[in-house]
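Everything on this sheet refers to the single structure shown next.
The values are calculated or read from the model by the stated rules, or taken from the named source; none is laboratory data. Values in this document were obtained by computation on a predicted structure and should not be read as measured data. Methodologically, a virtual Cβ is constructed for each residue, glycine included, from the backbone with ideal geometry; neighbour enumeration extends over all protein chains shown.
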Amino acid sequence: MATQPVPVDPSDKKKRHRSPNYPYVGLRQAVARLGKLYEKDGKAGAPPELAAVHIGFGSAHGEAMSVLSALKKFGLLGESDGRLVPTQRALVIVNLPEADPRRKDAIREAVMEPPLYRELIEKHRTTGWPAQDVLASELVTYRNFNPNVSSGLVVDLMDSIEFAGLSEGDALESAEETEEMPIAELEQTTTAPQDLAKKIAKKIVDAQEISLPVGISEDGEVIFAHVRFDGGIKKNLIANLRGLLEAMEKPLP
């Protein structure tokens, strides 16, 4: 007599360990893949199956679709009429020179877009980062991450921060938290208005690197001044900087 198989209670089956949502690749690779897509399709983008090929894969397999998903998580791709299309942020990144402050700002906005990246960066921006293996263990212990992916995520995160030009101690602000600079006011003067300077000062007191609009070029482009303080911004350093700027101003026409 044949033995009947014993029914298995679905609740007894081992559940697949799923990590919280996070970008499959870091920002550096995401931008590189974005460049390939833009080179092929420009602003028009492509349907997901073609986009997967155009970013450098042989077909629209699981890994390719996960990379496309990462580009969306960084705010580099959107959806329109069944196509994946570059966002305005993406267009700034792929078209402007690396040294352009608008491109740098767009990359910093992108690294803060994924909620997990934002949470970790904001948590550690003032206290400093633990060792990478420690952070990976914390993700497993407190965030239910799969041990097989936590280390790779940490590597991608730290590389993304470096790619965005942010040191581990930098104070970061998302695009939503930063007031849009009133460029229209700058077009009426060659120096930043006093009231604008006060608004900006409130935003940057904890930063290490600042970029301020100081005028308009003959071509109508906004001119920025970039200053980095290796030890953080302090009152005496601002006073020293003011003295240096005044000394620089004297011999100028």
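Read through the list (1) out of contact with any Lys or Arg (no Cβ under 6 Å at 6 or more places or on another chain); (2) among the hydrophobic types (A, V, I, L, M, F, W, C); (3) within 21 Å of Ala110 (Cα to Cα), then give the number of the only condition that Ala60 fails. Unmet condition: (3). Of all residues in the range 65-95 being hydrophobic (A, V, I, L, M, F, W, C) and part of a strand (DSSP E or B), which is nearest to Gln29 (Cα to Cα)? Here the answer is Leu77. Residues in the range 130-164 that are part of a loop (DSSP other than H, G, I, E, B) and either charged (D, E, K, R) or more than 23 Å from Ala30 (Cα to Cα) (or both): Pro130, Ala131, Asn144.
Could you go through the range 93-112 and let me know if any residue there is within 21 Å of Phe145 (Cβ to Cβ) and within 16 Å of the chain's Cα centre (by Cα). Looking for residues that are within 21 Å of Phe145 (Cβ to Cβ) and within 16 Å of the chain's Cα centre (by Cα), one finds at least one in the range 93-112, hence yes.
Quick one: in the range 74-106, which of the residues that are in contact with a Ser or Thr (Cβ under 9 Å, 6 or more places away or on another chain) and of a type in the set (Gly, Ala, Ser) is nearest to Pro47 (Cα to Cα)? Once the filter is applied, the top-ranked residue is Gly78.
Evaluated against (1) of a type outside the set (D, E, K, R); (2) surrounded by 13 or more Cβ atoms within 10 Å (Cβ to Cβ); (3) at pLDDT 95 or above, Gln88 falls short on exactly one condition, (2). Considering the range 94-137, and only residues there that are farther than 18 Å from Ser160 by Cβ and of a type in the set (A, V, I, L, M), the residue that is surrounded by the fewest Cβ atoms within 10 Å (Cβ to Cβ) turns out to be Ala99.
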